[in-house]
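Below is one structure; the comments refer to it alone.
The values are calculated or read from the model by the stated rules, or taken from the named source; none is laboratory data. Here the structure is a predicted model, which is why all the values come from computation and not from measurement. All Cβ positions, glycine included, derive from the backbone under ideal geometry; neighbour counts span all protein chains shown.
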Amino acid sequence: MDFPDFCFNRSRCFFQVRIYFNSLLQINLFFSAFFITYLISPKICHRFVGFLEEEAVITYTRCIEDLDAGYLPVWAKTPAPQIAKNYWKLPDDAMMKDVLLVVRADEATHRQYVKKINDFSDVILLFGI
């Protein structure tokens, strides 16, 4: 190994470590801010999670529409992963579209659940449940 290759690999290694620590810092900052916000107002955090769930449903819907329109030909021919078949009890001949459909339904259920929690969060805080 000559010197320039070593320098390149070393700088690449430092770059990867820097990305890792920046990501770790961002995750910790988000967790801390979310935790403090939850202590101040759980309703705000429940609303935020509800928005995330809503965006997930929209994203999966768009993905399914693109799959049906033929924009994702590789996914149209891809069978469902075995872990997805096991988790959602899909048939053996399930395809990726089937996975997207059940994941979207799961996210929609989470969205409704979070909305209900948000509706009752004042009652939960009042009675300490």
Candidates Glu65, Glu54 - the one that is modelled with pLDDT of 90 or more, farther than 17 Å from His110 by Cα and in the same structural domain as Met95 (by TED's automatic domain parsing)
Glu65
Which ones in the range 68-85 are exposed (fewer than 10 other Cβ atoms within 10 Å of the Cβ) and under 18 Å from Asp106 (Cβ atoms)?
Ile83
In a helix (DSSP H, G or I), closer than 30 Å to Leu39 by Cα and at pLDDT below 95: is that true of Ile117 in this structure?
yes
Please enumerate the residues belonging to the range 68-82 that are small (Gly, Ala, Ser), more than 19 Å from the chain's Cα centre (by Cα) and either in a loop (DSSP other than H, G, I, E, B) or outside the structural domain of Val102 (by TED's automatic domain parsing) (or both).
Gly70
Every residue in the range 31-62 that is loosely packed, with under 14 Cβ neighbours inside 10 Å and of a type in the set (Asp, Glu), please.
Glu55
Hey, Leu24 hits all of (1) modelled with pLDDT of 90 or more; (2) surrounded by fewer than 13 Cβ atoms within 10 Å (Cβ to Cβ); (3) over 16 Å from the mean Cα position of the chain (by Cα); (4) among the aliphatic types (A, V, I, L, M) but one; which does it fall short on?
(1)
